[in-house]
Amino acid sequence: MASTQDVNMDGSLAGCEAFGSRTTMLSVHSEEETAMLPITVGGSKPSGRYILVSGRADEKDGLRQPITTGALKPRVTYRVAGWISLGAGAARGTVRVNLGVDEDDNGNENLVECGVVSAEAGGWTELMGAFRLRTEPRSAAIYVHGAPAGVDVKVMDLRVFQTDRKARFRQLRDKTDKARKRDVVLKLGAATGAASVRVVQMDSAFPFGTCINTTVIQNPAFVDFFTNHMDWAVFENELKWYHTEAQQGQLNYRDADALLDFCDRLGKRARGHCIFWSADGAVQQWVKNLDRDQLRSAVQSRIQGLVSRYAGRFPHYDVNNEMLHGRFFRDRLGDEDVPAFMFKEVARLDPDAALFVNDYNVECANDPNATPDKYAEQVAWLQSCGAVVRGIGLQGHVSNPVGEVVCGALDRLAATGVPIWFTELDVCEPDVGLRAQDLEVVLREAYAHPAVEGVVFWGIMQGKMWRKDAWLVDADGTVNEAGQTLLNLQKEWKTDARGSVDGDGNFKFRGFHGRYVVEVTTPTGKQMLKTFTVEKGDNTPLLVDLADA
């Protein structure tokens, strides 16, 4: 065991220890420059006291804090929070926090990833992580390690605590009300007398959708759920370049045409996913075999062929998928500005389409390559190159999500002023009861946040999804507990108001944004039905004059 000092993670005296190389040491210090740090997503200010991990001879060297036996329970989501900084020697480095549980036969603990940050020297980066255990551990400890060998790691206010979903949901009530509802005054006229009124919301202004493919649209149970509960679709693979042109010059738009026609028949809108994909592994071999000039020509042909063919039919396009994780086109073309060129060319051919960036892990706080700051910087860079970015796509392939962590990411991205969508949401959890709870966490955070404009699932049906433990509808068409959570929330987020016209001939209510029908019954029994729409607006009531409608 490496050298230790009797310190706790918040700077108090108690049992923290160094681990790894013999030279690894711990010491306690005070930071005077934390006053400018923001309040954490947990609601507290940094204390200014931190543990310095020095003498690190290996990336695996770090800090270990045992957790009291019995403190961690299965099926409970725990948050890991704190602040991380680096000493001199590296401008930036990845620091990981893991939970070690239950030694194996060789005396090694099993490690569970709890969080990861891209830390920097001379500044503090907030750690936001989470974990959940299947069984109660016999022993457990938190480990902080990573960063290059020889670089000191600073750890401030590292804490592990149980999340409280219901308390968080209560906090979201006012936020949801402000983001999604509006005061409405229906002016029906004094001639209606003491008429009774019922206002029913028919459609929500906040859309939900799912990915589809040529197989799943043949399933009657899927089509029934999609028809009744979804507003948008996205094609799983059928629009991707490797599908539409698997062999150079042999174009195949039949599947995409069939899916788009299916959406048109049902009155559903579809996202264009995706024109390009930056990840090297998603690029077909014939494209990889092209030289730079040939690749540039192929990129131009891809844009021209696809976007001209479908101009006006896809309201959204994911232009160059997963640029936080891949650089194929930039590297092969030797042009840092090629993503902006792609955006500008697509906009030239289909100016009404909203063009999106789209990436994964941004809302999870577990990927140093995909932090909200890096994503926001990418959007700013594209804009500086003349690209018009009208959507930020969060794929949302999540596990054991924490509301405050999701909200923290949304807040940072909202500062760009660009609308946000969850574009590929699936919540993976084998236990369907926990899956339902996790799904509610993400959906309530998304719905409460004013910058989020829609949620599209990456599948909904058992056996028809990329991640197998995320379905909402069983293979036989039964809506499971997770699916029922979605339906319950959709019902909760619709307004049904009843009452009587006041003495001024008005009926007042506060309702969710969307399309409504109002039924008015006069004292003489005469009935009339009228429709209207409640749109997002400022804090002033929406006045709807129905007297002469």
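The values are calculated or read from the model by the stated rules, or taken from the named source; none is laboratory data. Every value quoted in this text rests on a predicted model; they were computed, and no experiment measured them. Cβ atoms come from the backbone with ideal geometry, glycine included; neighbour counts cover every protein chain shown. In case anyone asks, the SASA skips ligands and DNA or RNA and just uses the protein heavy atoms, side chains included. Shrake-Rupley method; radii C 1.70, N 1.55, O 1.52, S 1.80 Å.
Assorted remarks:
- Net charge of the neighbourhood of Glu345, taken over other residues with C-beta under 14 Å away and scored Lys/Arg +1, Asp/Glu -1, is +1.
- Packing around the peptides 480-491, 136-147, taken as the average count of other Cβ atoms within 10 Å per residue, puts them in this order, highest first: 136-147, 480-491.
- Cα lying deepest toward the dipole's positive end in the chain, options Ile275, Gly393, Ala179, charges on Cβ: Ala179
- Across the range 7-162, Cα pairs under 8 Å and at least six residues apart give a relative contact order of 32 percent.
- The sum of -39500 (n - 2.57) across all DSSP H runs of n ≥ 4, divided by the residue count of the chain, sets its helix-only mean residue ellipticity at 222 nm to -7500 deg cm²/dmol.
- In this rough spin-label picture, where each label sits 7 Å from Cα along the Cβ direction, the Asp496-Arg173 distance is 2.0 nm.
- For the chain, the dipole from Cβ point charges (+1 on Lys and Arg, -1 on Asp and Glu) about the Cα centre works out to 1240 debye, to the nearest 20.
- Counted by Cβ distance under 12 Å from Gly408, the other residues give a net charge of -4, where Lys and Arg count +1 and Asp and Glu count -1.
- Distance-filtered residues of the range 408-427 - backbone nitrogen under 15 Å, label point 7 angstrom along Ala380 Cα→Cβ: 412-418
- Using 0.36 nm per residue and subtracting the Cα-Cα separation, the extra length available between Gln162 and Asp291 on full extension is 41.1 nm.
- Overall, the accessible surface of the range 7-162 at a probe of 1.4 angstrom is composed of carbon and sulfur to the extent of 49 percent.
- The distance linking the range 150-198 with the range 271-334 is 39 Å (Cα centroid to Cα centroid, whole angstrom).
- For the range 414-468 and the range 65-106, distance of Cα centres in Å: 26
- Against the criterion of solvent-accessible heavy-atom surface with a 1.4 angstrom probe, Cys263, Cys428 sort, most first, into Cys428, Cys263.
- Cβ-defined net charge surrounding Glu113, 12 Å radius [Lys, Arg +1; Asp, Glu -1]: +1
- The alpha-carbon of Lys491 sits under 23 angstrom from the alpha-carbons of these lysines, leaving out residues fewer than 8 places away in its chain: Lys166, Lys175, Lys178, Lys181, Lys268, Lys508, Lys530, Lys536.
- Cα gyration tensor category, rounded, prolate or oblate, for the range 7-162 with a/c compared to 1.5: oblate
- Folded to 0 to 90 degrees: helix 403-414 orientation relative to the chain principal axis, Cα: 70
- A full extension of the chain between Gln247 and Trp466 corresponds to an added length of 76.4 nm, given 0.36 nm per residue minus the alpha carbon distance.
- Nearest-20 debye value, the range 7-162 charge dipole, Cβ charges on Lys, Arg, Asp, Glu: 380
- For the chain, the longest principal axis of the C-alpha atoms and the axis of helix 165-180 are separated by about 40°.
- For the range 52-150, share of DSSP beta bridges that run antiparallel, in % to the nearest 5: 95
- Rounded D (µm²/s) - the chain, Kirkwood Rh over Cα pairs, Stokes-Einstein at 4 °C, 1.567 mPa s: 50
- Here the relative contact order of the chain, from alpha carbon pairs under 8 Å that lie six or more residues apart, stands at 16 percent.
- Computed from label points 7 Å out along Cα-Cβ, the spacing between Ala205 and Ser308 is 3.9 nm.
- For the chain, the longest principal axis of the C-alpha atoms and the axis of helix 481-492 are separated by about 50°.
- Candidate residues Lys240, Lys526, Lys344: accessible-area rank, largest first, probe 1.4 Å: Lys526, Lys344, Lys240
- Cross-link partners of Lys60 among lysines, defined as those whose alpha carbon lies under 26 angstrom from its own and excluding same-chain residues fewer than eight positions apart: Lys154, Lys374.
- Of all DSSP beta bridges in the chain, antiparallel share, percent nearest 5: 70
- Rounded accessible area of Thr215 (nearest 10 Å², 1.4 Å probe): 80
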